[in-house]
Amino acid sequence: MACGKGPLYLLPVILSGLDRPRSLRNAELRLPDGGRQEHQSRDRRTPGLVCDVSIGSMARDGAGTSLNRSVTAQRGLVGGGRRRRPSGEPPPLPRNLGVSGRIWITLVATLVTIVGLVVASAALASSFDRWNAAVLRGIASIRTGWLTTLMVGVNTVLVSRWTIGVLRLGTLVALVGLRRWRHLGLFLGSLIVVELSAYQLSLLVASPRPMDVRIIGSWEGFSFPSPQAAALVVTLVGMVYALLPPGRPRSWGKWAAGATLLLLGLARMYLGVDHPTDMWSAVILGVAVPVVAFRFFAPNEVYPVTYRRAKTAHLDVGGRRGQAIRTAVQEQLGLTVLDVTPVGLEGSAGSTPLRLRVAATEGEPERDLFAKLYARSHVRADRSYKLGRTILFGALEDEAPFQSVRRFVEYEDYTLLRLHHAGIPVPAPYGFVEITPEREYLIVMEFFAGAQEIGTAHVDDRVIDSGLLVVRRLWNAGLAHRDIKPANLMVRDGTVLLVDAFFVQVRPSPWRQAVDLANMMLCLAVRTDAERVYRHAMRYFTADEIAEAFAATRGVASPTQLRSVLKQDSRDLVAEFRALAPARESIAIQNWTLRRVALCMLVLALAVLAVLVVVRTWTVVA
Amino acid sequence: MSASILRGGATRACRRLVVAAAAVLVTMVVSGCGASQYDRVSCTSNSRQSIFVLEAQAVPSATLMPCANPLPGGWSVGGFEVRSGLARFWLDSDRAGARAGEARLTSSCDVTGATQLPPTAIHGGPPVQRYETPAAQQPPATVRYYLFPGGCVTYRLGFSRQTAPALFDQADQFLGFTTRARYVNGVRRNQRSTLCGAGAPPCTG
């Protein structure tokens, strides 16, 4: 057995063997020398404990895996139904451009190759010209009065700057209204990329308008690729992907866009304005760029286009993602997921909370687990949130933002373990699983079956003591929860249970700890009264500590939900607590630092730059 | 090999294809595959990327087309625009500023009020009638019109002989003409096609 060093902070936790539920601790690994060691199934989470274990000993615990993985599953099974993903195999929910996405990329590559050859070889260019001319001569030979009038009308309407401008501005307004910023950015980006690429390509190829046929109607610039057609194509395809939900609406949208483009292509070739190759290249550019952009940067599974009322933080857990969650939990935790249901969405904005129904395992019955799905959008939201708070309040949010979703989920898993290890009543951690590397992770923990949120539970003296004791233990362990609010406090059998360890801070400032105490007392007092809570608090805290807590707690120091609950309460609980505690001067929240000033200036500069960029590219956009 | 592994390989291949295509495109655009602005409008240009065939299509009746003679230091071709019914290019000067000069080809011009100048002859082309708008009408600009069968070139300078005599003498030499017939013949010879309009046989449709 060869074990290296793992993260030191986990060492005591791992050695203690207390932190994972039984089902996750019972994986026995047989050592080459015949010895046995109780292993915590943390082989992937703690590199230091990746041990040399014979395949034969692992294979004996094999359990079912998904069908498409059955070949490798026979060799890769480890204890408890877990399975290591072999190198080269895609993750449970891979980024997927789809078959059509790959076809469009191939077409773009082909287009670029042909352009390169045409620029390099005049003979090839001439042969293309001759072929184009022959096709157009054939089309022009069927020109008739009424058909010409119709085609002129079609061309005039579809490539008019007004038509395209109205479509684009309408889409931009709709996306701003729907606050679908990622789709907005991709739509704008696609427009700019396609228009600039089409313009640069047209200058490079410098293809004149069709020969041999009389050109009917107006045109502008070189013909390859058709700039007017490219503008319409990218607009329509961008609209389809940014505005229409996947499924039937998007499918219809694609057909409608396709029919429109076919009509435009026929009209422009009929009128002799564009060659067939001009239209094809415009379509390739105009479709490929938005399709690849939207599929790659805003896949449906992660950024669904939906018109159902829902928080944007919540991801759709049906379809491919639902299947990926099942596969990932099975392979990485050895638990068979029977059902995935969103739960408590109204109280969560930073992740997608889920209830997982898992099948019975050795020694444990069929049960529910709680899970939180994190994606990169949550990391960005957290970053923006912290940036905004830093600008608004200075020292209020004094921790560095996370740089990746992996760090995000690793941190929560770590804090959950710390809390659990410190004896604070939090859900037992099961670890986390990878859905899409560096994009989506799912953290799994115990589901508090039978527990009630404190806002609806019966709160008696036992509950008050239990809640206050939670804060005392946090203080003793050198931790701060930082998000104590009714939604994060559950009550079961007279005990307060703490959920959501995401904001937990190790070795926090005294201010943070003081705020935790005040928030807990406020949560308890909302359900009882200030005097009673204060009396109980005096058993665990000194009067000065309570005074400090309420000197530190003002406005934004409390979570939004708690502030909202306090507003609905007819009493001024903060004032009541302050009156009960010894007098103490308020602790300042606003803190001006060089960093805060620099951040403010940077954000201002970026905003000005963004406005300038939009103004400068307005002709392209509109 | 499982289907999922194949899928992963296909995704990687696609990614490489995208990167390769983008690299080729960017390289072609920025590495000089594209002609300079001057080469596109130069009277002596033989570049396939010149705008003259397109100019001939924009104003199919015009028997002559404007082009730029060699420019002295301090002058450059700022850009061009060709669309149905109109072709123009403009010149930037480090002293007279951007768009200090502009040559515009249309099928006709209104020369009412302009003073007629002695006509000039273009080698191999039709005679050209010249007009100039009195300076008082367009201070401090100078506007000249060159009329020939099927077309008119408006040459506008953002200064006058009086305000910038040295610049004016330079700019007076920049405007040249090339014949449509040259491109009609070139297209017929190289592409076996007809550049519809003046000097060419009737086109289909």
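The values are calculated or read from the model by the stated rules, or taken from the named source; none is laboratory data. Keep in mind that this is a model prediction, so the values were computed, not measured. Note: ideal-geometry Cβ built from the backbone for every residue, glycine included; neighbour counts use all protein chains shown.
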Would you mind stating whether B:ARG188 is more than 14 Å from every other protein chain (Cβ to nearest Cβ), within 27 Å of A:MET211 (Cα to Cα) and either under 20 Å from the mean Cα position of the chain (by Cα) or surrounded by 15 or more Cβ atoms within 10 Å (Cβ to Cβ) (or both)? no
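Within the range A:94-121, take every residue that is part of a loop (DSSP other than H, G, I, E, B) and facing chain B (nearest Cβ under 9 Å) and give me the one that is farthest from A:ALA198 (Cα to Cα). Outline the logic, then answer.
Initial filter on the range A:94-121 (part of a loop (DSSP other than H, G, I, E, B)): A:94-97, A:121.
If we keep only those that are facing chain B (nearest Cβ under 9 Å) too, we end up with A:94-97.
Working: A:PRO94: 31, A:ARG95: 28, A:ASN96: 26, A:LEU97: 23 Å.
Among residues in the range A:94-121 that are part of a loop (DSSP other than H, G, I, E, B) and facing chain B (nearest Cβ under 9 Å), the one farthest from A:ALA198 (Cα to Cα) is A:PRO94.
Taking B:SER4 as the residue in question, decide whether it is modelled with pLDDT under 80, small (Gly, Ala, Ser) and either under 12 Å from the mean Cα position of the chain (by Cα) or assigned to a strand (DSSP E or B) (or both). First the steps, then the outcome.
Working: modelled with pLDDT under 80: yes; small (Gly, Ala, Ser): yes; either under 12 Å from the mean Cα position of the chain (by Cα) or assigned to a strand (DSSP E or B) (or both): no.
No; evaluated as a whole, the condition is false for this residue.
Please go through the range B:80-108 and pick out each residue that is in a strand (DSSP E or B) and at positive phi.
Of all residues in the range B:80-108, those in a strand (DSSP E or B) come to B:80-83, B:86-93, B:97-106.
Residues satisfying the conditions are B:GLY97, B:ARG99.
With respect to A:SER281, is the statement that it is farther than 28 Å from A:ALA125 by Cα and among the polar types (S, T, N, Q) true? Reasoning before the result, please.
Details: farther than 28 Å from A:ALA125 by Cα: no; among the polar types (S, T, N, Q): yes.
The answer is no for A:SER281.
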Hits in the range A:456-486 (condition: over 25 Å from A:GLU531 (Cβ atoms) and either at pLDDT 95 or above or of a type outside the set (Asp, Glu) (or both)): A:ASN476, A:ALA477, A:GLY478, A:LEU479, A:ALA480, A:ARG482
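Would it be correct to say that A:VAL240 is crowded, with 23+ Cβ neighbours inside 10 Å and more than 14 Å from every other protein chain (Cβ to nearest Cβ)?
Judged against the criteria, A:VAL240 is a match.
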Which of the residues that make up the range A:166-184 are modelled with pLDDT of 90 or more and surrounded by 15 or more Cβ atoms within 10 Å (Cβ to Cβ)? A:LEU167, A:ARG168, A:THR171, A:LEU172, A:ALA174, A:LEU175, A:HIS183, A:LEU184
Scan of the range A:123-148 for residues that are touching a residue at least 60 places away in the same chain (Cβ under 8 Å), polar (S, T, N, Q) and more than 9 Å from chain B (Cβ to nearest Cβ), ordered by number: A:ASN132
Of the numbered conditions (1) hydrophobic (A, V, I, L, M, F, W, C); (2) surrounded by fewer than 18 Cβ atoms within 10 Å (Cβ to Cβ); (3) farther than 28 Å from B:GLY197 by Cα, B:ALA100 fails exactly one; give the number of that condition. (2)
Taking the conditions exactly as written (within 10 Å of another protein chain (Cβ to nearest Cβ) and either under 28 Å from A:TYR430 (Cβ atoms) or at pLDDT below 80 (or both)), does A:GLY88 satisfy them or not? yes
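Quick test for you: out of A:GLY247, A:GLY253, A:GLY265, A:GLY258, pick the one residue that is more than 14 Å from chain B (Cβ to nearest Cβ) and at positive phi.
Details: A:GLY253 fails: at positive phi; A:GLY265 fails: at positive phi; A:GLY258 fails: at positive phi.
None of the others qualify; the one that does is A:GLY247.
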How do the strands (runs of 3 or more DSSP E) wholly within the range A:439-539 filter down when requiring 1 or more residues that are within 20 Å of A:ASP413 (Cα to Cα) and free of Cβ contacts under 8 Å to residues at least 40 places away in the same chain: which remain? A:489-492
Residue match in the range A:533-554 (condition: within 20 Å of A:HIS481 (Cα to Cα) and in contact with an Asp or Glu (Cβ under 6 Å, 6 or more places away or on another chain)): no
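Answer yes if at least one residue in the range A:410-432 is at pLDDT 80 or above, within 12 Å of the chain's Cα centre (by Cα) and surrounded by 19 or more Cβ atoms within 10 Å (Cβ to Cβ), and no otherwise.
From the range A:410-432, those at pLDDT 80 or above are A:410-432; that's our starting set.
Retained after the next criterion (residues that are within 12 Å of the chain's Cα centre (by Cα)): none.
No, the conditions are met nowhere in the range A:410-432.
Would you mention how many residues in the range A:540-550 are among the aliphatic types (A, V, I, L, M) and part of a loop (DSSP other than H, G, I, E, B)? Give the steps one after another, and end with the answer.
Just the residues of the range A:540-550 that are among the aliphatic types (A, V, I, L, M), to begin with: A:543, A:546-547, A:549.
Subset that is part of a loop (DSSP other than H, G, I, E, B): none.
Total meeting the criteria: 0.
Taking into account only those residues within the range A:122-148 that are among the charged types (D, E, K, R) and part of a helix (DSSP H, G or I), which is surrounded by the most Cβ atoms within 10 Å (Cβ to Cβ)? Talk me through it step by step, then tell me what you get.
Filtering the range A:122-148 for residues among the charged types (D, E, K, R) gives A:129-130, A:137, A:143.
Narrowing the set further to residues that are part of a helix (DSSP H, G or I) leaves A:129-130, A:137.
Numbers: A:ASP129: 23, A:ARG130: 15, A:ARG137: 19.
So the residue we want is A:ASP129.
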Can you tell me how many residues within the range A:194-237 are within 35 Å of the chain's Cα centre (by Cα), in contact (Cβ under 8 Å) with a residue 60 or more places away in the chain and more than 10 Å from chain B (Cβ to nearest Cβ)? 8
Sort out which residues of the range B:109-132 are at pLDDT 85 or above, assigned to a loop (DSSP other than H, G, I, E, B) and under 17 Å from B:ASP172 (Cβ atoms), and write them in order of number. B:ALA114
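Tally the residues that are part of a helix (DSSP H, G or I), under 32 Å from the mean Cα position of the chain (by Cα) and touching a residue at least 24 places away in the same chain (Cβ under 8 Å), restricting the search to the range A:572-612. Please lay out each step first, then the result.
Going residue by residue through the range A:572-612, those that are part of a helix (DSSP H, G or I) are A:573-580, A:594-612.
This time we only want the ones that are under 32 Å from the mean Cα position of the chain (by Cα), so: A:594-612.
When the remaining residues are screened for being touching a residue at least 24 places away in the same chain (Cβ under 8 Å), the result is A:595-596, A:599-600, A:603.
Residues that pass the stated criteria total 5.
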